[in-house]
Amino acid sequence: MRVLMVASEAHPFIKTGGLGDVMGALPQALNKENVEVKVILPKYKNISSKYINNLEFIKYFYVNVGWRKQYCGLFRYIYNGVEYYFIDNEYYFKRDNLYGYYDDAERFIFFDKAVLEFINEMNWRPDIIHCNDWQTGMVPVIYRLEYEKRNMYRNIKTFFSIHNLLFQGTFSPEILPELLGYNYEAYFNRSIELHGGVSFMKGGINYSDQVTTVSNTYAQEIQTSQYGERLEGLLRHRSYALKGILNGIDYDEYNPETDQYIYKNYSLGNIYDKKVNKEWLQRELGLPINGDIPIIGMVSRLTHQKGCDLIINSLDRLLQKNIQVVILGTGDRAYEETLRKFNYIYHDKVSVNIKFSNELAHKIYAGSDFFLMPSLFEPCGLGQLIALRYGTIPIVRETGGLKDTVIPYNQYTGLGNGFGFRNYNCHELTHVSEYALNVYNNKQIWNSLIRQAMKSDNSWEKSAREYKKLYIGVINK
């Protein structure tokens, strides 16, 4: 089975969020399941120099973008056994940022057409073209309208994965004749029209054989008006072709037994060394060193989506208790400044670190007792998966992937790997946090929770098997 994975970013080359992590790990996991995977990306200016200076030039060809005939260079890099290809055009991709430009429609239509031309240029026909998020949403559209009947392209199936429905890539309808040479039929029949614009996201959903998203609960949520971002009707209509498959995490990168960033390695059989990590974290951050004080950690973008307003409205009450709070991240200036004030007022209880630090993030995952993630919405979530791996107990709002991966502690059965609350409400967050702190005081129960968290299976191998099964089902339809 051959799969061409199409994305706008991938770890370790370049990433801005969860999509990059998925594209770094899922292809390798599929490769281990005997799926032949090639990944294709734009060749951005800011790809890590460690890789960009070692790319292998393959060939060049030209891509038609409306009346334009644009140069397209093709480069390759083999990473952990997977071939990554890079589409080169300096006019489109030699820029400081990945997204957010006035001509993003042109940039990614060029990329999407180059992806389809890649198949012919490399004489490599995939069984599946697997597209990810709005930047690749026009690949299934262009395939259906232009390429499907060509001999080289017959019977290729298309997948479209939604990593975050909020970002939809909506542009003026004029891009159809200007950039693609099409008439307005696909706009007027509403297959790609969204509130007066052309939506790449809607195109990907409508024209693909299979639509996936990154958790079962999120697949259900986006069919409602609360989470559907104006596409809930279409998603309900295509619910027969919509499936949620949870993301995983890289078990080699996030492994408390071998992690080089943390203070002392530990394992399921030696969870007591986790306390050593807590005391060293307290020492590094200038907090009172006491292994019995519970630490609530948070590693996140500081935005409304991540529940920062709930946290801010809960902190004063929670900080009346004998706890410590450690926060790492950057985001909206208002949240950054408010959290800095908490740091100033409660300097012996709070450490707020407004920066990006992978090393400190690992130390917080290992050294905290709780991990806070009260998101407004969360398609899958990465933080809670990493926290579980390190035996750090998540406190989450039950939405999207948070609901699917965190099992609330049941005091009657003793089962669970975290704590959850349902409504987006600071009082519920405060209440469940106080309950969790009470459970923390019973060390027998607490150690059982840590062990259950560390036994949770959130590996990419599990997810890859589900994708492979879905690929086979769609190919055989």
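Taken together, the values in this text are just the output of simple stated rules run on the coordinates, not laboratory data. The shown structure was predicted, so the numbers you read here are calculated from the model rather than taken from an experiment. Quick reminder, even Gly has a Cβ in these numbers, built from the backbone with ideal geometry, and neighbours come from all protein chains shown.
Key figures for this structure:
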read-out	value
Theoretical gain in end-to-end length, Asn476 to Lys443 [0.36 nm per residue, Cα-Cα removed]	6.6 nm
Positive dipole terminus of the stretch 167-313, leading residue within Ile295, Gln282, Thr170 (C-beta point charges)	Ile295
Label-point separation in nm, Arg317 to Ala334, each point 7 Å along Cα→Cβ	2.2 nm
Fewest-first ranking of Thr217, Thr413, Thr16, using other Cβ atoms within 10 Å as the exposure measure	Thr413, Thr16, Thr217
Sequence-distant aspartates and glutamates (8 or more away, or on other chains) whose Cα lies within less than 14 Å of Lys278	Asp292, Asp369
Alpha-carbon centroid distance for the pair the stretch 381-399 / the stretch 250-295, whole angstrom	16 Å
Electrostatic dipole magnitude of the chain [Cβ: Lys, Arg +1; Asp, Glu -1; Cα centre; debye, to 20]	540 debye
Estimated dipole of the stretch 268-457 in Debye, rounded to 20 [Cβ of Lys and Arg +1, of Asp and Glu -1, Cα centre]	180 debye
Taking Asp332, Asp88 and counting other C-beta atoms within 10 Å, the order from fewest to most	Asp332, Asp88
Three-way shape call for the chain based on the alpha-carbon gyration tensor, with the a/c threshold at 1.5	prolate
Above-threshold pairs, the threshold being 30 Å between Cα atoms, out of Lys243/Lys306; Lys69/Lys202; Lys15/Lys202; Lys45/Lys157; Lys264/Lys355	Lys45/Lys157
Residues Tyr184, Tyr44, sorted so that the one with the fewest Cβ neighbours within 10 Å comes first	Tyr184, Tyr44
Cleavage-rule hits, chymotrypsin sites (Phe, Trp or Tyr not before Pro), the stretch 270-360, DSSP coil, Cβ neighbours within 10 Å at most 12	Phe356
More than 29 angstrom apart: percent of Cα pairs within the stretch 268-457	12 percent
Restraint check, Lys275/Lys455; Lys94/Lys403; Lys94/Lys341, Cα-Cα greater than 29 Å	Lys94/Lys403; Lys94/Lys341
Spacing of the two label points (7 Å from each Cα toward its C-beta) at Asn270 and Lys59, in nm	5.4 nm
The chain, helix-only ellipticity at 222 nm - DSSP H runs n ≥ 4, -39,500 (n - 2.57), divided by all residues, nearest 500	-10500 deg cm²/dmol
Whole-Å distance, taken between Cα centres, linking the stretch 39-111 and the stretch 187-238	27 Å
Simple label model, 7 Å out from Cα along Cβ direction - Gln70 to Glu146, nm	1.1 nm
Debye, to nearest 20: dipole size of the stretch 360-447, +1 on Lys, Arg Cβ, -1 on Asp, Glu Cβ	180 debye
Convex hull per residue volume in Å³, alpha carbons only, for the stretch 385-456	80 Å³
Gained length - Tyr435 relative to Lys50, 0.36 nm times residue gap less alpha-carbon distance	133.9 nm
Dipole of the stretch 368-477, positive end: most advanced residue of Pro408, Asn476, Phe421 [Cβ charges, Cα centre]	Asn476
The chain - share of DSSP beta bridges that are antiparallel (%, nearest 5)	30 percent
5 angstrom amide H check on His130, placed H, neighbours 5+ away	Leu4, Met5, Val6, Phe159
Difference of contour (0.36 nm per residue) and Cα-Cα distance, Arg238 to Glu174	20.3 nm
